[in-house]
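Everything on this sheet refers to the single structure shown next.
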Amino acid sequence: MLQYYGSKHLFGLSILIPSILTLFVPLACNSSFQLALIVRMLIGFFESASFPAIFHFLPHWVPVSEKTVILPVIYSGMYIGEIIAFSLSGILVESHIVINDTFLGSWPNVFYAFGLVGVLWYPFWVFTVYERPEDH
């Protein structure tokens, strides 16, 4: 799929589709355990394309002499993102949001916030990222 569609679109969709599905996790959890498992399985399935896609960019964008620096930056960025996300998740879980006498706080906030961030990120990705430096 990477060779046919390109890493830009595959990586973008590997973030967008799980982000949309993440918005539905609270609804799925409130409906049934099986539906929640299916939604989480689909999230993992679509996210699995992100690693091959991001590493498909490296030969085009990163000079060979800099690969030993860029790869650790990519890997450490993932862990830094997890640290930030876990810290924010605690804050989101403690928040109490009421809209039209409907309580929207607690654990669903985590899924709504991170799902929304992924959906809002996608247009920026599509319009600012190029497959190769020659296309930029």
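The values are calculated or read from the model by the stated rules, or taken from the named source; none is laboratory data. As the structure is a prediction and not an experimental result, all values here were calculated from the model. Quick reminder, even Gly has a Cβ in these numbers, built from the backbone with ideal geometry, and neighbours come from all protein chains shown. Side chains included, ligands, DNA and RNA excluded: accessible areas come from the protein's heavy atoms. Shrake-Rupley method; radii C 1.70, N 1.55, O 1.52, S 1.80 Å.
Quick notes on this one:
- Applying the criterion of being surrounded by fewer than 16 Cβ atoms within 10 Å (Cβ to Cβ) and of a type in the set (Val, Ile, Thr) to the residues of the stretch 22-54, the residue that is nearest to residue 113 (Cα to Cα) is 38.
- Selection of the stretch 103-136 for residues being of a type in the set (Ser, Thr, Tyr) and open to solvent by 70 Å² or more (accessible area, probe 1.4 Å) yields 112, 128, 130.
- Flag if residue 2 is among the aliphatic types (A, V, I, L, M), free of Cβ contacts under 8 Å to residues at least 24 places away in the same chain and surrounded by 10 or more Cβ atoms within 10 Å (Cβ to Cβ): no
- Test result for residue 13, modelled with pLDDT of 90 or more, open to solvent by 60 Å² or more (accessible area, probe 1.4 Å) and more than 14 Å from residue 114 (Cα to Cα): yes
- Qualifying positions in the stretch 54-98 - hydrophobic (A, V, I, L, M, F, W, C), modelled with pLDDT of 90 or more and touching a Phe, Trp or Tyr at 6+ places or on another chain (Cβ under 9 Å): 85, 88
- Being open to solvent by less than 80 Å² (accessible area, probe 1.4 Å), among the charged types (D, E, K, R) and touching a residue at least 24 places away in the same chain (Cβ under 8 Å) holds for only one residue in 8, 67, and it is 8.
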